[in-house]
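Structure first, then comments.
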Amino acid sequence: MSDLFTTTILIATVASGIRLATPFLLASLGEALGQRSGVLNLGVDGVMLLGAFSAYYTVLRTGNLWLGICVGLFIGGLIGLFYAFITVNLCAQQGVSGIGIYLFGLGMSDLLFQKLVGTPRPILPFAPFRIPLLSDIPVIGEMFFEHSLIVYIAFLLVPIGTLLINRTTFGMNVRAIGENPEAADSLGVSIAKVRYSTLIIGSSLAGLAGAALAIELGIFQQNLTNAMGFIAIALVYFGAWRPVGVMAGSLVFGLVTSVVLLAKTLGIIPRSASDLAAMTPAIITILALVFVANRFRQPTALTKPYIRGD
């Protein structure tokens with residue numbers, strides 16, 4: 001047990017937790033934006049899978065990591081555009097539509113992998129980027145300032161997202177539509193344009209989350225995300241639809257996962273209990289969700305299609 005408390009192990013655990021939190025953070029930030037405008041997307045996991053495969057395959061063929069990231073973003077945005085058409089124009093039931101997106105992403109990513117790749121082939125991930133001066137701080141530098149650029153980008157999006165929602169006209173319109181679309185419409189705000197924008201941005205971030213996951217792991221396989229998208233949706237509720245809260249939830253999940261993996265590696269958790277231990281992060285997230293989410297109110301118009309005149 002004392003092995004858990006060495007400085008080296010603690011540094012590695014925290015650094016690993018931050019890396020593990022990154023895909024959840026990206027997907028959750030995008031989903032939070034969409035939900036603030038009143039649209040729930042249960043298909044986040046499917047978008048992540050398609051983003052992951054498209055990025056992986058691009059890197060496998062070209063060797064260009066940033067091109068892979070761009071392709072993952074593009075694929076996510078394309079699916080967001082399609083989902084926006086279904087939910088905004090056709091006013092389809094959001095829960096059913098989202099599950100349809102998830103199943104499509106799950107099946108299509110596996111089909112493309114089998115047809116275009118066949119067997120898992122590794123790719124090189126991003127190299128860690130040491131932030132000058134900050135990375136030289138003992139202990140703190142190794143924990144927080146020696147990650148790949150995609151990790152820094154994910155956490156930088158938290159203050160950007162906060163400013164976008166709270167300090168811009170676009171953010172004000174998003175919040176107004178999520179609470180009272182009838183009133184927003186009467187003031188000349190285009191419900192369709194705003195919801196299209198939030199869904200495209202949110203789905204793009206989900207595609208980026210999948211791309212970051214595949215590139216960080218350096219591999220793609222069937223159901224790579226293992227339901228991470230559904231955890232990301234839960235983290236939106238945990239974070240009360242706020243970027244800072246979503247970041248906190250993502251870090252909790254990432255750090256708990258990192259501790260569990262460490263305990264299994266050191267043999268502290270026996271093999272007979274490994275499956276139960278693997279459920280620990282999800283159980284803690286659910287308990288935290290029950291405790292925290294009940295203290296905040298979800299957007300009033302969430303899951304409700306807007307039809308003028310109804």
When residue 16 is evaluated against the numbered criteria (1) at pLDDT below 95; (2) assigned to a loop (DSSP other than H, G, I, E, B), which criterion, by number, is the only one it fails? (2)
Before we move on, is residue 16 touching a residue at least 40 places away in the same chain (Cβ under 8 Å), among the hydroxyl-bearing types (Ser, Thr, Tyr) and crowded, with 24+ Cβ neighbours inside 10 Å? no
Across the range 198-230, which residue is surrounded by the most Cβ atoms within 10 Å (Cβ to Cβ) among those that are of a type outside the set (A, V, I, L, M) and under 14 Å from residue 70 (Cα atoms)? 210
Pairs please, first residue from the range 168-192 and under 15 Å from residue 305 (Cα atoms), second anywhere and of a type in the set (Asp, Glu), Cβ atoms under 7 Å, 6+ apart in sequence or on different chains. 191/185
Take residue 135 and tell me if it is of a type in the set (Ser, Thr, Tyr) and in contact with a strand residue (DSSP E or B) (Cβ under 8 Å, 6 or more places away or on another chain). yes
I'd like the full set of residues that are of a type in the set (A, V, I, L, M, F, W, C) and crowded, with 22+ Cβ neighbours inside 10 Å, limited to the range 33-70. 33, 39, 44, 47, 48, 49, 50, 52, 53, 55, 59, 69
From the option list 124, 112, single residue qualifying as loosely packed, with under 14 Cβ neighbours inside 10 Å and either in a helix (DSSP H, G or I) or among the hydrophobic types (A, V, I, L, M, F, W, C) (or both) is 124
Can you name the residue in the range 138-197 that is exposed (fewer than 15 other Cβ atoms within 10 Å of the Cβ) and among the hydroxyl-bearing types (Ser, Thr, Tyr) and is also modelled with the lowest pLDDT among such residues? 186
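The values are calculated or read from the model by the stated rules, or taken from the named source; none is laboratory data. Here the structure is a predicted model, which is why all the values come from computation and not from measurement. With ideal geometry, Cβ positions are generated from the backbone for all residues, glycine too; neighbour counts draw on all protein chains shown.
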